[in-house]
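Structure, as structure tokens:
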Amino acid sequence: MHRPYLFKAITYLVFGALFIYFGISSKGETVWNTVTLIFAAFAALNFYGGFRMLRFYFKIKKKK
């Protein structure tokens, strides 16, 4: 069975927030180190996917 888009969207947004938290907590002397940038990139991808799924969820809900 396919999970609902709302659950997936919330999951993506939570993981995006976690990656932001890990990125902030892993900063060293400067923000521009490799680990922090990788965490920021993963967070951006998760937020993008989460907001796309939310938009798709509301689009489907509006049609029904």
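Laid out as a table, the results:
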item: Region 1-30, subset closer than 25 Å to R55 by Cβ and of a type in the set (D, E, K, R), residue surrounded by the most Cβ atoms within 10 Å (Cβ to Cβ); result: K8
item: Test: residue in region 7-25 that is of a type in the set (S, T, N, Q) and in contact with a Ser or Thr (Cβ under 7 Å, 6 or more places away or on another chain); result: no
item: Cβ-Cβ under 7 Å pairs, at least 6 apart or on other chains, region 19-45 side over 25 Å from A9 (Cβ atoms), far side assigned to a helix (DSSP H, G or I); result: S26/V35; S26/T36; S26/F39; K27/T36; T36/G23
item: Enumeration of residues in region 11-34 that are touching a Phe, Trp or Tyr at 6+ places or on another chain (Cβ under 9 Å), over 27 Å from Y57 (Cα atoms) and β-branched (V, I, T); result: I24
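Throughout, read-outs are computed from the coordinates displayed, never taken from laboratory work. Computed from a prediction, not measured in an experiment: that's the story for all the values here. Cβ: placed from backbone, ideal geometry, glycine included. Neighbour counts: every protein chain shown.
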